[in-house]
Amino acid sequence: MYWPSIGVVIPTHRRPEQLREAVAGVLAQQYPGELRVIVVYDRAEPDFMVAQGGDRPVMVLSNNRTPGLAGARNTGIAALDTDLVAFCDDDDVWLPGKITAQAMALWRRPLAEFSTCAIEVAYNGQVNARLAGQAEVSHADLLRSRMAMLHSSTFLIRRGALTGGLGLVAEDAPGSQNEDWDLLLRAAARHPVVHVDTPLVRVAWGGNSLFARQYDTKISSLRWMLDRHPEIGTSPAGAARVYGQLACWHAAKGDRRQAVRWAKAALRQRWREPRAAIALAAATRIVKVERVVSALHRRGHGI
């Protein structure tokens with residue numbers, strides 16, 4: 001088979017040790033085709049030493065677009081002329097065989113534009129696999145659930161789609177959050193996403209996240225998603241999930257009135273929505289959202 005050229009975009013913001021692990025995981029891939037890496041420094045001084053010591057080329061750039069994760073990714077995409085583009089966050093690590101398995105999955109489906117794989121979630125020394133249980137992901141699947149195993153560090157996309165009809169990463173996403181779900185929904189509306197249901201990326205979750213307690217940003221990004229993808233509201237399970245998340249984040253920031261409002265909205269969509277129960281309990285100070293999140297992270301899940 002023809003092995004397409006692949007460019008890997010790694011945005012980074014002041015995490016030098018984790019970045020080196022991420023770059024090493026990409027460079028260690030035994031991929032038969034051309035593989036290039038672009039490290040994009042966002043609101044941080046570039047370290048050009050990252051580009052030295054490997055057999056494959058590593059380019060170091062500064063984000064020249066909107067500050068944030070989305071602008072950094074698009075800076076990297078614009079600097080590439082490869083057949084495919086992959087993403088890897090600076091605190092995640094690709095496991096052996098990742099890129100070859102996904103390239104082969106795309107090769108078998110010539111009309112497909114987007115591929116993902118399953119993940120391992122690392123949290124406080126514990127590692128849990130997150131599988132999708134399917135080899136193809138539809139738009140309807142992604143309306144029902146964000147499907148967290150389809151993490152941005154697993155994305156492998158035809159570059160022609162990103163620079164054409166699919167479009168780039170949305171830079172107007174508040175805090176560059178949920179921009180990955182937005183991209184998945186846009187992609188799946190064009191063609192089903194091809195999924196390799198093997199954990200081939202280790203994803204770090206927890207307190208080291210730059211967004212762990214940015215509740216206002218979490219709320220704004222979910223409202224942005226509801227405005228940008230109103231079809232989420234046509235899926236009872238999907239709408240209940242998002243409304244329940246909004247309820248939880250309002251409860252976490254101490255806004256009891258909005259927490260109760262969104263919890264009720266979630267329950268109207270799906271009376272068994274667990275996030276609504278969590279939010280109501282947090283609003284009455286029976287539990288803290290942060291403790292629930294920590295317990296879920298230990299099992300490889302989130303709110």
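None of the figures in this text is laboratory data; all of them are computed from the coordinates on show. None of these values were measured; they are calculated from a predicted model. Methodologically, a virtual Cβ is constructed for each residue, glycine included, from the backbone with ideal geometry; neighbour enumeration extends over all protein chains shown.
Worth pointing out:
- Residue list for segment 117-141, filter: small (Gly, Ala, Ser) and either within 22 Å of residue 241 (Cα to Cα) or buried (at least 21 other Cβ atoms within 10 Å of the Cβ) (or both): 118, 129, 132, 133, 138, 140
- Some residue of segment 151-167 being of a type in the set (A, V, I, L, M, F, W, C), part of a loop (DSSP other than H, G, I, E, B), farther than 23 Å from residue 72 by Cβ and more than 13 Å from the chain's Cα centre (by Cα): no
- Residues in segment 269-287 that are charged (D, E, K, R) and without any contact (Cβ under 8 Å) to a residue 12 or more places away in the chain were compared, and the one that is farthest from residue 131 (Cα to Cα) is 285.
- Every residue from segment 78-128 that is touching a strand residue (DSSP E or B) at 6+ places or on another chain (Cβ under 6 Å), closer than 16 Å to residue 33 by Cα and polar (S, T, N, Q): 82, 102
- Test: residue in segment 132-147 that is assigned to a helix (DSSP H, G or I), touching a Phe, Trp or Tyr at 6+ places or on another chain (Cβ under 6 Å) and either touching a residue at least 60 places away in the same chain (Cβ under 8 Å) or not polar (S, T, N, Q) (or both): no
- The single condition among (1) in a helix (DSSP H, G or I); (2) under 20 Å from the mean Cα position of the chain (by Cα) that residue 301 does not meet is (1).
- For segment 142-165, a tally of residues being farther than 21 Å from residue 36 by Cβ and surrounded by 14 or more Cβ atoms within 10 Å (Cβ to Cβ) returns 10.
- Any helices (runs of 4 or more DSSP H) falling wholly within segment 181-287 and containing at least 3 residues that are farther than 26 Å from residue 299 by Cβ: 215-228, 256-269
- Filter result for residue 287 (touching a helix residue (DSSP H, G or I) at 6+ places or on another chain (Cβ under 8 Å) and buried (at least 20 other Cβ atoms within 10 Å of the Cβ)): no
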